[in-house]
1. Ignoring trypsin sites (Lys or Arg not before Pro) that are buried or in helix or strand per DSSP, and keeping those with at most 14 other beta carbon atoms within 10 Å, what is the longest stretch of the chain between them?
2. Do the sum for the chain: with -39,500 (n - 2.57) for every DSSP H run of n ≥ 4, divided by all residues, what is the mean residue ellipticity at 222 nm, to the nearest 500 deg cm²/dmol?
3. With a cap of 15 neighbouring Cβ atoms within 10 Å, and only residues DSSP puts in a loop, list the GluC sites (Glu not before Pro) found in the stretch 67-124.
4. Over 26 Å between Cα atoms: which of K88/K124; K13/K35; K50/K120 fall into that group?
5. Over the chain, what is the percentage of antiparallel beta bridges among all DSSP beta bridges, to the nearest 5?
6. When a/c is below 1.5 the answer is rounded, else prolate if a/b is larger than b/c, else oblate, so apply that to the stretch 7-128 with a ≥ b ≥ c taken from the square roots of the Cα gyration tensor eigenvalues.
Amino acid sequence: MADKVIYITDSDKKQLEQLIRDARVFGSEHEKYLKELQGELNRAKVVKSKDIPEDVITMNTRVRLKDMDTQEEMIYWLVFPKDADADKNKISIFSPVGTALIGYKVGDIIEFKVPAGLRKLKVKEVLYQPEAAGDYHL
């Protein structure tokens, strides 16, 4: 993942860095993912919310993905940990797939490690992105 340019809004970066700090203060079983997320934030190109391209996955984006091994398509909503709900396909940014998704765009292939090995997902379509809809969250 580290060689691909990813984008993040300035407000998402600010909120995510605060979440990481808070999780570390209170102790977190997600330390591995916190480190990975911080790495993604550090390498991302930061842009203002109004300037983020519409095909980029930001926080609270709903996206259609395709598993490159099984060809199965799925729809996920990338959310903050407090909003995660597996039954509604709302995945936390602190999960392996959530950390992998942030900042990628339509057409990108995302690779990330899961307990069973390496998983590859292709970003097929951004179904909803808050910034594109004029919903600039802080």
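1. Answer - 49-138.
2. Mean residue ellipticity, 222 nm, calculated: -8000 deg cm²/dmol.
3. Sparse-neighbourhood loop GluC sites (Glu not before Pro): E72.
4. Those over the limit are K50/K120.
5. Bridges in the chain that DSSP calls antiparallel: roughly 75 percent.
6. Oblate.
The numbers here are math on the coordinates, done by the rules we state, and not lab data. This structure is a prediction, so every number in the text was calculated from the model and none was measured. Using ideal geometry, Cβ is built from the backbone for each residue, glycine included, and neighbour counts are taken over all protein chains shown.
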